1. Can you order the peptides 219-226, 130-137 by their average number of other Cβ atoms within 10 Å per residue, highest first?
2. For region 28-85, what relative contact order do you get, as a whole percent, if you take Cα pairs closer than 8 Å and at least 6 residues apart?
3. Counting pairwise Cα distances across region 43-137, what percent come out greater than 18 angstrom?
4. Note down the accessible area of Val228, probe 1.4 Å, to the nearest 10 Å².
5. Go through 203-216, 101-114 and give me the packing order, highest mean Cβ count within 10 Å leading.
6. Out of all DSSP beta bridges with both ends in the chain, state the antiparallel percent to the nearest 5.
7. Whenever you get a sec, line up Cys34, Cys150 from highest to lowest accessible area (probe 1.4 Å, protein heavy atoms).
8. Under the definition of Cα pairs under 8 Å and six or more residues apart, what whole-number percent is the relative contact order of region 85-236?
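The values are calculated or read from the model by the stated rules, or taken from the named source; none is laboratory data. For clarity, every value in this text was computed on a predicted model and none was experimentally measured. Here Cβ is always computed from backbone atoms with ideal geometry, including for glycine, and neighbour counts include all displayed protein chains. These area figures cover heavy atoms from the full protein model, side chains too; ligands, DNA and RNA do not enter into them. Shrake-Rupley method; radii C 1.70, N 1.55, O 1.52, S 1.80 Å.
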Amino acid sequence: MNLILLDPSEVKGAYAYLTDTRRITHLREVHRACVGDYYTVGLQGGKMGKAQLTELHETQATFTLENLNELPPPPLPVHLVLALPRPRMLARTLEHVTALGVKNITLLHSKRVEKSYWQSPELRTEKIHHHLVLGLEQARDTQLPNVALCKGFRPFLEEQLPELLKDRRGLVAHPGMPNACPRNIDGNVLLFVGPEGGFIPWEVEKLLEAGCEGMHLGPRILRVETAVTALLSRLF
Ligand code: SAM
């Protein structure tokens, strides 16, 4: 926890009050927090700065906020379309991509996504929110990503893709494509990452027909969470 991300409901005037066990335990056990210590805090959706810990009890920590005038880091110019991975992989991937600065994520169904994944508790709003918050706390950022769920590949192709591609360069990460993933690119990107079994040929064909470019990351087949991290680092 490199940032204490404050929900607006936790702030009253110049004070912030934390009452959740996760952060209080982290402050006590990992930071070995003492009254008087300073921490980096940020208002969800707003600015960041320093705060002094003024009270620490079993069930509440109180901070006095100082100047919160620091902007969060800039977002990455990417909309990530991620074929829904298995729940544990989803949790880790959401944390990584949030820490890396992705602000728009679509979780998409595709042929090789297990249908049961859509029933997972990991897809509940509060669970997704939790992983996004962990990513923001890690990276010192305050802007929550938008996460949309899209349970049909064909409806996505027909109803959403043309609009998304109007002002973005579509890139499909798929092993075996002739071109390598570009480096340090300018402009907005729509980045597709496939499921653990990969996109099926028909899906790749449809994405390419719609105007996306296929690309690869070399001969090593990476797990989704590793592939996403490698792709974002290389693209930006
Ligand atoms: N057996 C699958 C295949 O060959 O497509 C592997 C899928 S991989 C575990 C999951 C996703 O990560 C892929 O669909 C792709 O989007 C991305 N990925 C992993 N390694 C990659 C590579 N070397 N080049 C391009 N994309 C890769």
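1. Packing proxy ranking, top to bottom: 130-137, 219-226.
2. 26
3. Value for region 43-137 (Cα pairs over 18 Å): 58 percent.
4. Counting only protein heavy atoms, Val228 exposes about 0 Å² to solvent.
5. Top to bottom by mean Cβ count within 10 Å: 101-114, 203-216.
6. Expressed as a percentage, antiparallel bridges in the chain total about 40.
7. Ranking Cys34, Cys150 by accessible area, largest first, yields Cys34, Cys150.
8. Relative contact order of region 85-236: 29 percent.
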